[in-house]
Amino acid sequence: MSAKSGPMPPWLAGTLVRLAQRHGDGELHHAILLSGRPGVGKQWLAETLARSLLCAGAAPEPCGACPACRLTEAGTHPDLRLLHADEREKGEEGGSIVVNDIRELLSFMQLSPQMGGARVAVIIPAERMNRSAANSLLKFLEEPPSGVQLILTTGNPRRLPPTVRSRCAIVTLPPPSRELALEWLGRRVDADEREVDLALALSAGMPMAAERLLSSGGTGLFRTALKHLAAAASGSDPVVLAREWENAPQRLGRWVMLIVTDILRMRAGGLPATVEPERVAALSNSAGDDAVLHLVLERLAEHLRALEQPLNGRLAAEAILLDAVSAWKKRS
Ligand SMILES: [Zn+2]
């Protein structure tokens, strides 16, 4: 199991205690769906809860010392199954969970527990199940065998079939305050304050997403996006620039939307941009009027919606930059 290191993040601890208590009282729904923004800590909570339900200790957090904890940490506990879409196929968009994965999970659920406790299955993230996988999981949701706990995570419950969603107990994870997120990141990453601030702003305040961004050089990549946008605005060919984004069109689309939104926000309220104020201000000076920018935002949102389906990354990145650059067409 890809165990998360370090103590339980404080904004998740209350939910863990509540769910563990409900399980202790025999009142936890057999299928819980942990819902929350990308990077709030759904996977962390799902894995910790799974380990906690199998732990022989009494605390809500896994003790880390009992035989069950040693097995879950090593990823070899016989009564735990983890289906993680992103760890099965590489690439930013991750892999799919297919019907054979769910069939294997269902046969695991029919077995007797080997260590005498619960059996726990975790699916991360549940919206990666294709239609037949989701249909297959319905069998479990409708007639759950006793002693089996299913934990699902999702960044967007609406992307799950209603038949699945309505048969789960949805638990929404609250995001931390900005202060709490900064304090937690400060203890975990080796980066200066400006980088941490930028990463948190790019991650809509979600600390795990900010941590991932910092450890993958994402803040540097964001500055490349700013540079490319400025270059495209002053005449460079978007099709050439887009080549660097063919593996990350979603990221490009989200960031360009953030920059355009920042420009509109600055113009409306005279506020500094949430990210890289000087560079965003420079882009604002050469961009078209607000109506043009709103139109660009609509088109970018369409591209991001289209990217929820698998697509050619380079074509998507080209389309994003070609549409974005129309914001600067009239004046440049
Ligand atoms: Zn334990």
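The values are calculated or read from the model by the stated rules, or taken from the named source; none is laboratory data. All of these numbers come straight from a predicted model, not from anything done at the bench. So basically every Cβ, Gly included, is an ideal-geometry build from the backbone, and we count neighbours across all protein chains shown.
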Which residue pairs have Cβ atoms under 7 Å apart, sit 6 or more places apart or on different chains, and have a first residue in segment 155-182 that is free of Cβ contacts under 8 Å to residues at least 24 places away in the same chain and a second that is crowded, with 16+ Cβ neighbours inside 10 Å?
Leu182/Val196; Leu182/Leu200
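Each row is one residue, and each column tells you yes or no for (1) at pLDDT 90 or above; (2) of a type outside the set (S, T, N, Q); (3) under 20 Å from Leu45 (Cα atoms); (4) under 22 Å from the mean Cα position of the chain (by Cα).
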site	(1), (2), (3), (4)
Pro60	no, yes, yes, no
Gly64	yes, yes, yes, no
Ala68	yes, yes, yes, no
Asp79	yes, yes, yes, no
Glu89	no, yes, no, yes
Ser107	yes, no, no, no
Ile123	yes, yes, yes, yes
Mind checking which residues of segment 132-142 are more than 21 Å from His77 (Cβ to Cβ) and not aliphatic (A, V, I, L, M)?
Ser132, Asn135, Ser136, Lys139, Glu142
Which of the numbered conditions does Asn247 fail, given that it passes all the others? Conditions: (1) assigned to a helix (DSSP H, G or I); (2) modelled with pLDDT of 85 or more.
(1)
Residue under evaluation Ala46, criteria (1) in contact with a Leu (Cβ under 9 Å, 6 or more places away or on another chain); (2) away from the ligand (no atom under 12 Å from the Cβ); (3) in a loop (DSSP other than H, G, I, E, B), criterion not met
(3)
Output the residues belonging to segment 219-229 that are surrounded by fewer than 20 Cβ atoms within 10 Å (Cβ to Cβ) and either within 15 Å of the chain's Cα centre (by Cα) or touching a residue at least 40 places away in the same chain (Cβ under 8 Å) (or both).
Arg223, Leu226
Residues of segment 15-50 being closer than 16 Å to His77 by Cα and either touching a strand residue (DSSP E or B) at 6+ places or on another chain (Cβ under 8 Å) or surrounded by fewer than 22 Cβ atoms within 10 Å (Cβ to Cβ) (or both), which ones?
Ala46, Glu47, Leu49, Ala50
So for segment 110-131 (the condition being more than 26 Å from Thr72 (Cβ to Cβ) and either small (Gly, Ala, Ser) or touching a residue at least 24 places away in the same chain (Cβ under 8 Å) (or both)), does at least one residue qualify?
yes
Could you identify the single residue in Ala59, Ala126 that is farther than 30 Å from Gln250 by Cα and either assigned by TED's automatic domain parsing to the domain that holds Glu27 or away from the ligand (no atom under 16 Å from the Cβ) (or both)?
Ala59
Restricting the search to segment 62-90, which residues are buried (at least 18 other Cβ atoms within 10 Å of the Cβ) and either within 14 Å of the ligand (Cβ to nearest atom) or in a strand (DSSP E or B) (or both)?
Pro62, Ala68, Cys69, Leu71, Thr72, His77, Asp79, Leu80, Arg81, Leu82, Leu83, His84
Does segment 99-116 include one or more residues that are among the acidic types (Asp, Glu) and farther than 30 Å from Ala181 by Cβ?
yes
Every listed condition ((1) within 13 Å of the ligand (Cβ to nearest atom); (2) of a type in the set (D, E, K, R); (3) within 28 Å of Asn156 (Cβ to Cβ); (4) without any contact (Cβ under 8 Å) to a residue 24 or more places away in the chain) holds for Arg51 save (4)
Looking at segment 302-325 only, could you name the residues that are surrounded by fewer than 18 Cβ atoms within 10 Å (Cβ to Cβ) and more than 22 Å from Arg128 (Cβ to Cβ)?
Glu302, Arg314, Leu315, Leu322
Segment 132-155: number of residues that are closer than 24 Å to Thr172 by Cα and part of a helix (DSSP H, G or I)
8
